[in-house]
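What follows is a set of notes on a single structure, which appears directly below.
Here, each number is a calculation from the coordinates, and none is a lab measurement. Values in this document were obtained by computation on a predicted structure and should not be read as measured data. Virtual Cβ from ideal backbone geometry, glycine too; neighbours counted across all protein chains shown.
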Amino acid sequence: MPELPEVETVARGLRGVLPGKSITGARIGKSDFIDDVAALERLLPGARISAVRRHGKFLLLDLESPSAEPRSLCLLIHLGMTGRLVVCPPDAPIAPHTHVFFALDDGSELRYTDIRRFGKMRLLVDGVNGANGGGDAVLAALGADPLEASEAEFAGRMRGRRARIKALLLDQRVLRGMGNIYTDESLWRARIHPMRLGANLSGEEMRRLYRAVRDVLAEAIRFRGSSVSDYVDSSGQPGWFQQRHRVYRRAGKKCFRCGGTIGRATVAGRSSYFCPRCQPAPRKRRRAK
C-alpha cells in the first residue's frame, strides 16, 4: 500500500500540473470505491482545481465551484493498495482497470486506475460527505504528520500508550502516513526492536527514532518512493527507494550494518523485518515462583 513518501510524491507531481486547470467532464466506469457517484458527475464539471494536498495517506484536490453560489469542494482520494493517479493525453493507451477519467480544460486527462479497487474516492461539499452526511471526520481522527511533529510531540505520542513501538508507528491515530516499509526501515536505522514497548524507550532511543523516521521519510521522498508492487508516480514512473531498503523483505540476508542475518516476525499483525544483532529483542520478565 502506498505510504507517506509515495503519496507525497504523487501529490507533488500533481501539484506541478493540476492547479489552475478546470475539470470539464467526468467519465466513471466501475464505481464501488466511490461514495456518491452522482455528486461527482454533477458537481465536478466546471470546477477549478485550486490546490493539491496530502494528509497522511490521503490525497486532497481543493476545488472552486463554478456555480453562482460559491461552495467549498474537496475531492478526497485514497489509493488503497493498487490505486494510481496519472495525468496523460486523452489519446494515450488506456491501462487495464482504469475506472475514472477526468477531462481537463487543457485537453489532458486525469485518470484513476485501481486493479483491486481497495481505494476510496469521495467528494466533500462544504466539508460534508454527501453520501454519508458526515464531514471529514476520517481526516480529523488522524494523528500528527511525522514530518511536521516536533520531537516533544513525537515522544509524547509514543509514550502515551503501552503498546509495541511497531504498532504505535503504524497506528494512524498516533502518526498519519507511516506504513510497514518505513516503520521497519526507521526502526532498523534507530537500532530499536519492533517488539519494544514505546513507553519503555529511553530518551536517547526516542531521539534516535524521531530522527530516523524523519530521515527515512525525507530520503524516500527524494528517491520518489518505493516501487515494490504496483506503485508509480503521477507520470507513470516507478520510485527508486526500494534499492536503498536495509531490512524490508530482506529476511535471511546479511545486515548492511553488522553482517548479521535479517530476521522476520509478525508484530502488530504485520510481517516485520529487523536485525536481531543490532536491534536487540526486549528482555523477557522472569515469572515469580
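The residue list 45, 82, 24 was ranked by how far each Cα lies along the charge dipole of region 4-140 toward its positive end, using unit charges on Cβ atoms, and 82 comes out on top.
Which net charge results when you count Lys and Arg as +1 and Asp and Glu as -1 among the other residues whose beta-carbon is under 15 Å from that of residue 144?
Net local charge, residue 144 excluded: +3.
Put in line by how crowded their Cβ is, counting other Cβ atoms within 10 Å and starting with the fewest, 159, 224, 173 read 173, 159, 224.
Projected label points at residue 172 and residue 27, each 7 Å from Cα along the beta carbon direction, are separated by 3.1 nanometres.
By its C-alpha gyration tensor, with a ≥ b ≥ c as the square roots of the eigenvalues, how is the chain shaped: rounded for a/c under 1.5, else prolate for a/b larger than b/c, else oblate? Because a/c hits 1.5 or more and a/b exceeds b/c, the chain counts as prolate. A simple charge model with +1 on the Cβ of Lys and Arg, -1 on the Cβ of Asp and Glu and nothing else charged puts the dipole of region 4-140 at about 340 debye relative to its Cα centre.
According to the square roots a ≥ b ≥ c of the eigenvalues of the Cα gyration tensor, what is the shape class of region 4-140, taking rounded for a/c under 1.5, prolate for a/b larger than b/c otherwise, and oblate for the remainder?
rounded
Charge dipole of the chain (Cα centre as origin; +1 on each Lys and Arg Cβ, -1 on each Asp and Glu Cβ, all else neutral): 2740 debye, rounded to the nearest 20.
Take every pair of alpha-carbon atoms less than 8 Å apart whose residues are at least six positions apart; their mean separation over the length of the chain yields a relative contact order of 17 percent. The mean sequence separation of alpha-carbon pairs under 8 Å and at least six residues apart, normalised by the residue count of region 151-274, gives a relative contact order of 23 percent.
Using the Cα centre as the reference, give the magnitude of the dipole from point charges on the C-beta atoms of region 130-224 (Lys, Arg: +1; Asp, Glu: -1; all else neutral), rounded to the nearest 20 debye. Write down the numbers at each step before the final one.
Working: 17 positive and 12 negative charges, 71 e Å.
In total the dipole reaches around 340 debye.
When each of 271, 31 is scored by the number of other beta-carbon atoms lying within 10 Å, the sequence from fewest to most is 271, 31.
Multiplying the sequence separation of residue 254 and residue 71 by 0.36 nm and subtracting their Cα-Cα distance, what value in nm do you get?
Value of the extension gain: 60.2 nm.
Between residue 38 and residue 223, the simple label model (points 7 Å from Cα in the Cβ direction) yields a spacing of 4.9 nm. What the Cβ-Cβ distance of residue 240 and residue 51 gives, at R0 = 41 Å and to the nearest 0.05, is a FRET efficiency of 0.90.
For n ≥ 4 DSSP H runs only, could you compute -39500 (n - 2.57) per run for the chain, divide by its residues and tell me the 222 nm figure to the nearest 500? Numbers along the way, then the final one.
Values: 7 runs with 69 residues, N = 289.
Helices in the chain give a 222 nm mean residue ellipticity of -7000 deg cm²/dmol.
The loop-placed chymotrypsin sites (Phe, Trp or Tyr not before Pro) in region 64-125, going by DSSP, that have at most 14 neighbouring Cβ atoms within 10 Å of their Cβ come out as 118.
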